[in-house]
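For reference, the structure is listed below as structure tokens.
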Amino acid sequence: MKTFVFKVGTSTLIHPSGRVNLRRMEQLCKVLSDLANEGHRVVLVTSGAIGVGVGKLRLSGRPDDTPGKQAAATVGQSELMFLYDKFFSQFGHIVGQLLITKEDVQDETRRKNLTGAFDKLFHYGAIPIVNENDAVAVDEIVYGDNDSLSAVVAALIHADTLFILTETGGLYDANPQLEPSAKLISVVPRVTDTIRAYASGSISTVGTGGMSTKVQAADFAARAGIDTYVFCGRRPDDIYRILSGESIGTHFLAEKE
Ligand code: GLU
């Protein structure tokens, strides 16, 4: 039995129209339910609260102001959980929602409470679904991106593996959309300055969008002894292929003690 943390981003969960990609969400819930059926502990770190809220409230775009983002997040988070609850129930699983702020992890007592909640959910056989508590997390205390949050959660619960589902197929040595010769980096034994530069785009033309925080998260996880896979979230079934040892996306190796 292993403990797996999966992180899924807004652009994987919603269509360009701003409405939820139901098929994608259902596929993901099915694979995760199946892994839970195999006996693994499964945690899902999900983004999309603000994005789904914007779509549901029919706003013209993502709000710039904090109250606007908070309000959109409260609406979107409810919708997300409604859908996760529905899809996971369809596959015979119960979910529990954990909305986390940085203080919940940094403060020792709160951290203990948080790990207690995870442990109990696992004990009950439920699937914890995590997001940042966007309704109350203000700028100074915010993780801001769920890539970091997913690595923090993975370390907190001593996960074996972190899976980051993204829109690109992994880490490339250049932007694959601009440079057809860009090569996928299959294995990263250690996050070096070169790897960081690939992610931020300072080597070659430009890097892939949002890859920096993923590399940072993978580095954090590696230091906590956790392997990370960054791969294309459009094909949730690839999780099976990765677990059976196929080389898909980018594998960041855990640091050995
Ligand atoms: N917590 C944010 C949300 O649910 C997403 C943060 C991120 O995109 O990484 O909208």
Check: Within the set of pairs 6+ apart or on separate chains, which have a first residue in the stretch 38-61 that is within 17 Å of Tyr84 (Cα to Cα) and buried (at least 20 other Cβ atoms within 10 Å of the Cβ), a second that is among the acidic types (Asp, Glu) and modelled with pLDDT under 95, and C-beta atoms under 8 Å apart?
Finding: Ala49/Asp134; Ile50/Asp134
Check: Which one of the conditions (1) aliphatic (A, V, I, L, M); (2) over 22 Å from Gly92 (Cα atoms); (3) touching a strand residue (DSSP E or B) at 6+ places or on another chain (Cβ under 8 Å) does Leu44 fail to meet, given that it meets all the rest?
Finding: (2)
Checklist line | Odd one out for Val138, checked against (1) farther than 20 Å from Leu44 by Cα; (2) within 16 Å of the ligand (Cβ to nearest atom); (3) under 19 Å from the mean Cα position of the chain (by Cα) | finding: (3)
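Identify, please: which residue in the stretch 79-98 is within 13 Å of the ligand (Cβ to nearest atom) and not aliphatic (A, V, I, L, M) and is, among those, surrounded by the most Cβ atoms within 10 Å (Cβ to Cβ)? Spell out the reasoning first.
Keep residues of the stretch 79-98 that are within 13 Å of the ligand (Cβ to nearest atom), which gives 79-81, 84, 97-98.
Adding the requirement that they be not aliphatic (A, V, I, L, M) leaves 79, 84, 97.
On the way: Glu79: 16, Tyr84: 21, Gln97: 15.
The qualifying residue surrounded by the most Cβ atoms within 10 Å (Cβ to Cβ) is Tyr84.
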Notebook entry, point to check: If Ala197 satisfies every condition in (1) of a type outside the set (S, T, N, Q); (2) touching a residue at least 12 places away in the same chain (Cβ under 8 Å); (3) outside any loop (DSSP other than H, G, I, E, B); (4) more than 27 Å from Ile14 (Cα to Cα) but one, which is the exception?
Noted result: (2)
Check: Which residues, taken from the stretch 1-49, are touching a Lys or Arg at 6+ places or on another chain (Cβ under 8 Å) and part of a helix (DSSP H, G or I)?
Finding: Thr12, Leu13, Arg24
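Listed residues Leu13, Leu32, Leu57; which is within 16 Å of the ligand (Cβ to nearest atom) and under 18 Å from the mean Cα position of the chain (by Cα)?
On the way: Leu32 fails: within 16 Å of the ligand (Cβ to nearest atom); Leu57 fails: under 18 Å from the mean Cα position of the chain (by Cα).
Going through Leu13, Leu32, Leu57 in turn, just one is within 16 Å of the ligand (Cβ to nearest atom) and under 18 Å from the mean Cα position of the chain (by Cα): Leu13.
The values are calculated or read from the model by the stated rules, or taken from the named source; none is laboratory data. As the structure is a prediction and not an experimental result, all values here were calculated from the model. With ideal geometry, Cβ positions are generated from the backbone for all residues, glycine too; neighbour counts draw on all protein chains shown.
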